[in-house]
Amino acid sequence: MLDAGIQLEPERARLVQALSQTTPDQWPPKDVQRLKEGMDPAVSGIPQKHIFGSDYPYRDAVQHLGLACDGVGLEASLALGGFSTVWGASMLPCREGDVTDWPVSVPQLAPHYQAVLELTGLSAERDALADLFPLYLDAPGHLEASRQAQAMLRAMDRHRAGLRKAKIHHGHARVAIKAARGPQEPGCVYCGMCMYGCPYGYIYSSEQTLAQLKRAGDFRYQPDVIVRAVQESADGVRISGYHRLTREPLEFEAERVYLAGGVIATTGILLRSLQAYDRPVPIKDSQYFLLPVALAKRIPNVRHEALHALSQLYLEILDPKVSPYTVHLQVYTYNDLIGRTVSGAMGPLAKWLPFLARELEGRLLLIQGFIHSAESSRIVATLRKNPADGKDTLLLQAEANPTAKTVVRRVVRKLLGQARRLGVVPLPMLLQMGKPGRSFHSGGSFPMRANPGAFETDLCGRPSGWRRIHAVDASILPSIPATTITLTVMANAHRIGWDSGVTSD
Ligand SMILES: Cc1cc2nc3c(=O)[nH]c(=O)nc-3n(C[C@H](O)[C@H](O)[C@H](O)COP(=O)(O)OP(=O)(O)OC[C@H]3O[C@@H](n4cnc5c(N)ncnc54)[C@H](O)[C@@H]3O)c2cc1C
């Protein structure tokens with residue numbers, strides 16, 4: 001495995017290691033503060049999510065991948081573990097109705113969903129959402145919902161029939177957080193640190209799988225490589241790149257190559273390998289929005305509650321009057337960042353009117369919303385060569401789709417109309433639309449097709465005409481459903497690995 005492989009700064013890694021050896025009540029507050037650095041919640045604008053106080057998952061990508069971005073929220077990662085080091089760990093499979101343009105069906109992905117979930121682990125409940133989205137796992141972990149989530153859930157359960165009529169389905173979130181299963185199998189301790197990174201490593205990251213692969217042997221990991229291009233011949237593939245630190249040129253030979261650099265990096269590598277300069281390719285995106293909502297009843301003392309801070313609940317809107325596709329909503333209840341946002345918004349008043357701060361904290365929840373890429377803005381990627389120095393730039397330009405705003409407005413209207421049944425009142429004046437790509441649920445620059453043409457791939461992610469080079473990340477998804485991306489990217493990659501390992505042509 002060739003990887004850029006940037007890692008957390010050693011000093012922060014040492015702090016994380018130290019915290020992981022003790023219980024949260026023993027953590028020195030100054031160490032915790034250090035691991036919370038860099039994420040300044042703002043009332044306007046969505047802050048970049050850091051991990052253990054570091055921005056290393058995003059570091060140096062613009063420079064090494066030669067990116068020039070215009071109005072785009074999507075970023076690339078050169079980290080060991082990529083963005084799985086910093087992700088929200090939400091994992092829901094696709095619905096067949098959202099992937100009608102794919103040459104691969106959900107039943108074909110089913111065994112691979114199962115294999116992936118066995119690898120990552122999943123905490124989830126066998127609730128009504130399972131009728132629409134199978135769990136693909138016999139014994140998921142169980143996480144306690146926060147008291148705010150329980151309050152909302154109680155309201156929704158009471159009005160289940162009405163919500164169904166309104167075509168809103170609800171249930172517990174499904175997150176790749178390891179839940180405890182008795183004293184022998186420790187898991188989440190509800191320390192509330194999820195947004196800053198789990199010192200115990202209970203949130204799945206592909207770093208963990210990499211460590212397992214290294215231990216298993218028959219696998220070699222080579223960090224500090226920046227792959228630039230791949231070239232196929234009759235009996236192999238030549239990979240060219242350079243050393244990330246010394247810039248020394250590097251070349252490798254392989255029988256077969258699987259490209260999984262994330263959509264931006266893989267798109268750049270493929271365009272460069274195809275010498276496809278000045279040929280724009282669209283990257284599809286699932287439009288992201290953030291909608292604060294207020295709980296009907298305040299939950300006291302949330303600041304001191306033991307809870308996990310990733311998504312607690314899901315709402316799925318399957319209403320053709322809103323969208324022909326599933327709209328996916330993730331509910332976040334109190335976490336330290338919400339508390340800091342409230343204090344920041346109140347300014348000095350937070351000190352003088354502490355009861356008002358408590359009132360807001362006790363009620364304020366956040367809904368992260370996603371819509372299908374067919375109704376979202378997109379990003380156009382174009383590889384350019386600078387004639388002066390021969391260097392490449394991958395230009396990423398946002399291309400707005402006005403339908404995205406219309407759909408989001410319909411979603412907000414729908415939620416307002418169902419406020420009583422949902423147990424929360426949406427606050428549309430605080431709605432924020434993410435820039436194209438801000439969901440990080442983006443891909444589709446080289447879509448899989450049954451009969452691929454130029455700039456398309458076959459069912460094994462091979463660009464038209466190639467036999468030994470497989471793109472296996474989001475670049476090859478024909479469209480991006482709203483219902484989270486990574487589980488499906490992993491399942492599809494697993495399918496390709498499986499198929500290409502079995503059939504070796
Ligand atoms: C803040 C945040 C929250 C998210 N939350 C969720 C969520 O809750 N649910 C969900 O489904 N998705 C979520 N995502 C998206 C999810 O993280 C990505 O879908 C996932 O990480 C993609 O995995 P990947 O391996 O394809 O690419 P990446 O995670 O981008 O990893 C790319 C890998 O390739 C390497 N690489 C890249 N370019 C090169 C190169 N040229 N040479 C050598 N190596 C290279 C990098 O070092 C890295 O190891 C979130 C993303 C972010 C940023």
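Taken as a whole, the structure places SER439 among residues that are closer than 30 Å to PRO402 by Cα, in contact (Cβ under 8 Å) with a residue 60 or more places away in the chain and not basic (Lys, Arg). Once segment 10-43 is narrowed to residues that are within 16 Å of the ligand (Cβ to nearest atom) and of a type in the set (D, E, K, R), the residue that is nearest to VAL189 (Cα to Cα) is LYS36.
Sub-6 Å Cβ pairs linking a first residue in segment 1-29 that is at pLDDT below 95 to a second residue that is in a helix (DSSP H, G or I) and within 13 Å of the ligand (Cβ to nearest atom), at least 6 apart or interchain, number zero. Of all residues being within 23 Å of the chain's Cα centre (by Cα) and in a strand (DSSP E or B) in segment 458-486, which is farthest from GLU255 (Cα to Cα)? Just the residue, please. Here the residue is ALA471. Looking across segment 224-253, the residues that are more than 21 Å from ARG468 (Cα to Cα) and either exposed (fewer than 14 other Cβ atoms within 10 Å of the Cβ) or out of contact with any Gly (no Cβ under 8 Å at 6 or more places or on another chain) (or both) come down to TYR242, HIS243, LEU245, THR246, ARG247, GLU248, PRO249.
A count restricted to segment 211-232 and to residues that are away from the ligand (no atom under 14 Å from the Cβ) and in contact with a Lys or Arg (Cβ under 6 Å, 6 or more places away or on another chain) stands at 2.
Is there a residue in segment 165-173 that is crowded, with 19+ Cβ neighbours inside 10 Å, within 28 Å of VAL489 (Cα to Cα) and basic (Lys, Arg)? No, the conditions are met nowhere in segment 165-173.
Just name the residue that is modelled with the highest pLDDT out of those in segment 432-454 that are among the polar types (S, T, N, Q) and not in a loop (DSSP other than H, G, I, E, B). Step through it out loud before you land on a result.
Kept after step one, since they are among the polar types (S, T, N, Q), are these residues of segment 432-454: 432, 439, 442, 445, 451.
Next, from what is left, pick out any that are not in a loop (DSSP other than H, G, I, E, B): 432, 442.
Values: GLN432: 93, SER442: 98.
Here the residue is SER442.
In segment 256-281, the residues that are part of a strand (DSSP E or B) reach residues that are surrounded by fewer than 21 Cβ atoms within 10 Å (Cβ to Cβ) with C-beta atoms within less than 6 angstrom, at least six apart or across chains, in these pairs: VAL257/VAL237; VAL281/PHE455. When each of VAL407, VAL412 is tested for being in contact with an Asp or Glu (Cβ under 6 Å, 6 or more places away or on another chain) and either in a helix (DSSP H, G or I) or under 15 Å from TYR258 (Cα atoms) (or both), the lone residue that passes is VAL407. Of all residues in segment 49-74, those that are within 10 Å of the ligand (Cβ to nearest atom) have Cβ atoms under 6 Å from Cβ atoms of residues that are aromatic (Phe, Trp, Tyr) and not in a loop (DSSP other than H, G, I, E, B), 6 or more apart or on another chain, in PRO57/PHE83.
Taking the stated definitions as given, is MET152 in contact (Cβ under 8 Å) with a residue 40 or more places away in the chain, assigned to a helix (DSSP H, G or I) and in contact with an Asp or Glu (Cβ under 8 Å, 6 or more places away or on another chain)?
Numbers: in contact (Cβ under 8 Å) with a residue 40 or more places away in the chain: yes; assigned to a helix (DSSP H, G or I): yes; in contact with an Asp or Glu (Cβ under 8 Å, 6 or more places away or on another chain): no.
Here the answer is no, as MET152 does not meet what is asked.
Quick grid of which residues meet (1) among the charged types (D, E, K, R); (2) surrounded by 19 or more Cβ atoms within 10 Å (Cβ to Cβ); (3) within 16 Å of the ligand (Cβ to nearest atom); (4) farther than 19 Å from TRP87 by Cβ:
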{"position": "HIS142", "(1), (2), (3), (4)": "no, no, no, yes"}
{"position": "LEU153", "(1), (2), (3), (4)": "no, yes, no, yes"}
{"position": "ALA161", "(1), (2), (3), (4)": "no, no, no, yes"}
{"position": "GLN184", "(1), (2), (3), (4)": "no, no, no, yes"}
{"position": "GLY201", "(1), (2), (3), (4)": "no, no, no, no"}
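The values are calculated or read from the model by the stated rules, or taken from the named source; none is laboratory data. Quick caveat, the model's predicted, so the values are computed rather than measured. Glycine also receives a Cβ, built like all others from the backbone with ideal geometry; neighbour counts cover every protein chain displayed.
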